[in-house]
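Following: one structure in structure tokens, then a few remarks.
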Amino acid sequence: MDQKNKDLDKFLNFLSGKSKKAAPSEGDSGDNVVKMSKKGPNNPKKYISLAVTLTAVFALVIILLTNIYIVKESEYAVVRQFGEVVKFEREPGLNMKIPFIQSVTKLPKNQMTYEISEEEINTKDKKRIIIDNYAVWRITDPKLLISNAGTIEKVESRMEEFIYSVIRSELGRIDYNQIINDEDSSRGSINDTVTERVNELLSNDKYGIEVVDVRIRRIDLPTENEQSVFTNMISDRESIAQKYLSEGDAQKRRIEAKTDQEVQEMLATANKKAAIIQAEGEAEAAKIYNKSFSQDPEFYSLYRTLESYKKTVGEDTVIILPSTSPYANILSGYIK
């Protein structure tokens with residue numbers, strides 16, 4: 001038993017960096033006797049206490065580090081204690097939660113886009129269409145979102161249900177042609193109405209989010225209905241085109257008739273004025289002629305005779321005149 005204690009003391013001294021010289025044997029002289037240290041054997045309990053202390057300090061540091069959380073500029077931090085929301089941080093910075101009791105959930109602060117699944121609905125005129133739309137939304141109250149929805153995925157699912165319900169209700173009141181016709185489209189007002197209605201539903205259920213905008217991106221027809229709808233659309237467009245052509249031809253005829261009438265009236269007025277001017281000119285010319293010819297009746301008689309020859313004598317006219325005729329003398333160059 002004594003030997004075991006000696007071996008244990010040697011081992012502890014070796015661990016502590018100290019060594020103990022061996023005791024002198026019985027045969028050694030008194031001069032060779034080395035004085036024993038007055039210190040007793042080292043106590044191992046103090047090393048165990050030191051190790052426990054260091055371990056506790058290290059564990060405490062680890063716990064502190066793992067329970068410090070950072071809130072960024074673009075996010076909210078919601079703190080829950082036993083599943084109950086106790087606080088949330090809006091401002092960026094360094095914060096601390098209670099270890100093992102509280103947990104932190106990060107939520108985005110910026111606006112997000114949610115792609116809504118394509119859905120098939122019926123219009124007012126019983127046309128089936130497929131709607132593809134999206135929503136832009138943001139979180140307004142993180143505490144309500146965590147308390148009533150739990151996660152972003154769940155609140156997006158509820159938002160999609162509300163959007164689909166409202167769009168189906170609104171488009172069900174409108175004919176298909178009004179939806180797809182860009183010139184007479186109600187899609188702009190539908191988007192605003194859907195956004196407003198969805199926000200009302202979300203506010204009533206207190207989900208802590210707000211829909212900024214809902215937009216219909218694309219409207220398609222089911223594959224089995226495309227050809228029949230396209231055929232009907234072509235027929236409708238041809239009917240509308242024929243109507244425009246008929247109205248154009250009728251308008252053309254009306255314009256032509258009115259123009260012809262105006263031209264005839266203008267020509268009649270012009271002819272009337274021309275006849276009056278011509279009559280006045282002829283009367284004035286007759287006065288001038290009468291006045292001129294009255295001054296020399298013989299010359300007037302000759303002039304009238306010559307004018308009559310213009311109308312009665314042509315290229316093939318044969319005139320037989322007696323040699324004693326004054327006109328024959330003139331033609332022959334004999335002037336008395």
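Where does segment 219-336 land on Rg(C-alpha)/(2.2 N^0.38 Å)? Kindly include the intermediate steps, with their values, before the conclusion.
Values: Rg = 37.7 Å, N = 118, 2.2 N^0.38 = 13.5 Å.
Normalised Rg, Cα atoms only: 2.79.
If R0 is taken as 35 Å, the Cβ-Cβ distance between ILE277 and GLN251 corresponds to a FRET efficiency of 0.35. Full extension of the chain segment joining LYS287 with VAL212 gains 17.2 nm, where the gain is 0.36 nm per residue of separation less the Cα-Cα distance. Exposure check, 1.4 Å probe, all protein chains in place: TYR47 carries approximately 120 Å² of accessible surface.
Couplings for segment 115-131, taken from phi via the Karplus curve 6.51 cos²θ - 1.76 cosθ + 1.60 with θ = phi - 60°, read 7, 8, 5, 5, 10, 9, 9, 10, 7, 4, 8, 6, 8, 8, 9, 10, 9 Hz in order; Gly and Pro are left as x.
Taking all protein chains together and a probe of 1.4 Å, list MET266, MET233, MET112, MET96 from the most accessible to the least accessible. Walk me through the numbers on the way to the answer.
Details: MET266 135, MET233 55, MET112 35, MET96 80 Å².
Sorted descending by solvent-accessible area, the residues read MET266, MET96, MET233, MET112.
Across the cross-link table entries LYS273/LYS311; LYS72/LYS143; LYS154/LYS206; LYS72/LYS206, which are compared at the Cα atoms, the separations over 22 Å belong to LYS273/LYS311; LYS72/LYS206. Projected onto its three principal axes, the C-alpha set of segment 141-182 covers 44, 17, 15 Å, listed from the longest axis down.
Rolling a 1.4 Å probe across all protein chains gives GLU298 an accessible area of roughly 150 Å². Only residues of segment 300-322 count here: report those whose backbone N is under 14 Å from the spot 7 Å along Cα→Cβ of SER332, or say none. Label zone hits: 320-322.
ARG168 contributes about 120 Å² of solvent-accessible surface, heavy atoms of the protein only, 1.4 Å probe.
The values are calculated or read from the model by the stated rules, or taken from the named source; none is laboratory data. The shown structure was predicted, so the numbers you read here are calculated from the model rather than taken from an experiment. All Cβ positions, even for glycine, are placed from backbone atoms using ideal geometry, and neighbour counts span all protein chains on display. To get the accessible areas, we keep the full protein, side chains included, count just its heavy atoms, and leave off ligands, DNA and RNA. Shrake-Rupley method; radii C 1.70, N 1.55, O 1.52, S 1.80 Å.
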